[in-house]
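Notes follow the structure.
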Amino acid sequence: MCNSLRTINNSKNGILTYCNFSKLFQLVFNNLCFEFYEWELETFKEHIQKLDIDYWEKQTICSAHQRKIPISVGHKCFIILVSKEEILEIKRLLKIDTKEVPLLNYKDINYKMVIN
């Protein structure tokens, strides 16, 4: 592995890396590979964040395809289709909408302990 390559985040189907030498971020997800400069990555994050998943699932309800959410990549004759689960995984890779799960306090648990 290249010394200048640093893993930022990874998941079951993807990995986000940064290369200090080329100054490029690389997002590999399933069989897709995106290479971004920092400003391009930020623009892509904004685009992914603004996707209305529910809207696209309703619009394409009659579609024969399993993947129904389009990601435009800048060329009008080329669109990437992904499923809701894949979009959520991409968001986790890009650290978008990562809501922390609140931890329970012992006072939050309503349990009567019985000592035998």
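For every residue, the table says whether it meets (1) touching a helix residue (DSSP H, G or I) at 6+ places or on another chain (Cβ under 9 Å); (2) part of a helix (DSSP H, G or I); (3) not hydrophobic (A, V, I, L, M, F, W, C).
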{"position": "12", "(1), (2), (3)": "yes, no, yes"}
{"position": "43", "(1), (2), (3)": "no, yes, yes"}
{"position": "61", "(1), (2), (3)": "no, no, no"}
{"position": "70", "(1), (2), (3)": "yes, no, yes"}
{"position": "77", "(1), (2), (3)": "no, no, no"}
{"position": "86", "(1), (2), (3)": "no, yes, yes"}
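Looking at the range 55-100, which of its residues are surrounded by 10 or more Cβ atoms within 10 Å (Cβ to Cβ) and farther than 23 Å from residue 15 by Cα?
Of everything in the range 55-100, those that are surrounded by 10 or more Cβ atoms within 10 Å (Cβ to Cβ) and farther than 23 Å from residue 15 by Cα turn out to be 55, 56, 57, 58, 59, 60, 63.
Of the residues that make up the range 50-68, is at least one under 15 Å from residue 95 (Cα atoms) and among the acidic types (Asp, Glu)?
So far as the range 50-68 goes, no, none of its residues is under 15 Å from residue 95 (Cα atoms) and among the acidic types (Asp, Glu).
List pairs: first residue in the range 27-44 and touching a residue at least 12 places away in the same chain (Cβ under 8 Å), second residue basic (Lys, Arg) and surrounded by 13 or more Cβ atoms within 10 Å (Cβ to Cβ) anywhere in the structure, Cβ distance under 8 angstrom, at least six positions apart or on different chains.
none
Which members of the range 36-54 meet the condition of being in contact with a strand residue (DSSP E or B) (Cβ under 7 Å, 6 or more places away or on another chain), surrounded by 15 or more Cβ atoms within 10 Å (Cβ to Cβ) and within 30 Å of residue 23 (Cα to Cα)?
Listed by number, the residues that qualify are 36, 41, 44, 51.
Let me confirm something: among 103, 24, 32, which residue is aliphatic (A, V, I, L, M) and either within 12 Å of the chain's Cα centre (by Cα) or at pLDDT below 90 (or both)?
103
Do we have any residue at all in the range 4-27 that's touching a Gly at 6+ places or on another chain (Cβ under 8 Å), under 23 Å from residue 85 (Cα atoms) and surrounded by 13 or more Cβ atoms within 10 Å (Cβ to Cβ)?
There is at least one residue in the range 4-27 that is touching a Gly at 6+ places or on another chain (Cβ under 8 Å), under 23 Å from residue 85 (Cα atoms) and surrounded by 13 or more Cβ atoms within 10 Å (Cβ to Cβ).
Only residues that are under 25 Å from residue 25 (Cα atoms), out of contact with any His (no Cβ under 9 Å at 6 or more places or on another chain) and in contact (Cβ under 8 Å) with a residue 12 or more places away in the chain: list them for the range 54-87, please.
69, 70, 80, 82, 83, 84, 86, 87
The values are calculated or read from the model by the stated rules, or taken from the named source; none is laboratory data. Quantities reported herein were computed from a predicted structural model and do not represent experimental measurements. Methodologically, a virtual Cβ is constructed for each residue, glycine included, from the backbone with ideal geometry; neighbour enumeration extends over all protein chains shown.
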